[in-house]
């Protein structure tokens, strides 16, 4: 996969924030796909100073696992809330350049625009990859909400400063909801729809769940 070089990675936190603000003007909520056949999920995990990035490639809509890849690198940026991409982005982009697939849509275990500067990892890497992306996180970074109903498919809006930045989505009956927000080249309505279509028997949508299984297996082996 081709990766756009829109900024350097070895920068200070203050510089990182400036780049996020500049990139935010290029976010598009217009879906740039007509159909989805190949879908991917991305997750990352840590072991000491190592970052393990993993991607699972699935067929859509049957969600059959087709392939998976992983990459291991050293963490070279501090953990700072709101700047996760500058810590995990390099290893994930190295991973993306290795894969032979061209997924029509990529799920990220993290935020999309539900971020103080609208630049969660799904949005940020969506811009660098030029691909439709969805952020699906296990907790909220910012925003206020009321809990949705307890049935699968129920959702409520995630709000920040009077604007809708995502949705709190119940992917399975009575399980904790996930926090869904558009990344890039997709709108919120389609993000919710696709998240639910990929939620089979578990809380996490299957592409992210498979990527999570992969990185945990690699983590145990190193």
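FYI, it's all coordinate maths here, none of it is from the lab. On a predicted model such as this, the values are computed, not experimentally measured, just so you know. Heads up, the Cβs are rebuilt from the backbone with ideal geometry, glycines too, and the neighbour counts pull from every protein chain shown.
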State the number of residues belonging to region 66-97 that are under 15 Å from residue 129 (Cβ atoms), in a helix (DSSP H, G or I) and touching a strand residue (DSSP E or B) at 6+ places or on another chain (Cβ under 8 Å).
-> 7
Could we say that residue 159 is in a loop (DSSP other than H, G, I, E, B) and either out of contact with any helix residue (DSSP H, G or I) (no Cβ under 8 Å at 6 or more places or on another chain) or without any contact (Cβ under 8 Å) to a residue 12 or more places away in the chain (or both) here?
-> no
Candidates 36, 72, 51, filtered to the one that is surrounded by 14 or more Cβ atoms within 10 Å (Cβ to Cβ), under 20 Å from residue 105 (Cβ atoms) and in contact (Cβ under 8 Å) with a residue 24 or more places away in the chain = 36
Qualifying positions in region 1-33 - crowded, with 16+ Cβ neighbours inside 10 Å and part of a helix (DSSP H, G or I) | 16, 17, 19, 20, 23, 24
Restricting attention to region 76-92, does a residue exist that is in contact (Cβ under 8 Å) with a residue 40 or more places away in the chain and farther than 22 Å from residue 141 by Cα?
-> yes
Residue 122 in contact with a strand residue (DSSP E or B) (Cβ under 6 Å, 6 or more places away or on another chain), within 22 Å of residue 6 (Cβ to Cβ) and surrounded by fewer than 19 Cβ atoms within 10 Å (Cβ to Cβ) = no
Filter region 99-119 down to residues that are out of contact with any helix residue (DSSP H, G or I) (no Cβ under 6 Å at 6 or more places or on another chain) and within 14 Å of residue 84 (Cα to Cα) and give me whichever is surrounded by the most Cβ atoms within 10 Å (Cβ to Cβ).
-> 111
Could you please give the count of residues in region 39-48 that are surrounded by fewer than 16 Cβ atoms within 10 Å (Cβ to Cβ) and either touching a residue at least 12 places away in the same chain (Cβ under 8 Å) or in a strand (DSSP E or B) (or both)?
-> 2
Could you say which residue among 117, 131 is out of contact with any strand residue (DSSP E or B) (no Cβ under 9 Å at 6 or more places or on another chain), within 22 Å of residue 30 (Cβ to Cβ) and in a loop (DSSP other than H, G, I, E, B)?
-> 117
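Residues checked against (1) surrounded by fewer than 17 Cβ atoms within 10 Å (Cβ to Cβ); (2) not in a strand (DSSP E or B):
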residue	(1), (2)
136	no, no
141	no, yes
168	no, no
176	yes, yes
191	no, yes
195	no, yes
204	no, yes
210	no, yes
216	yes, yes
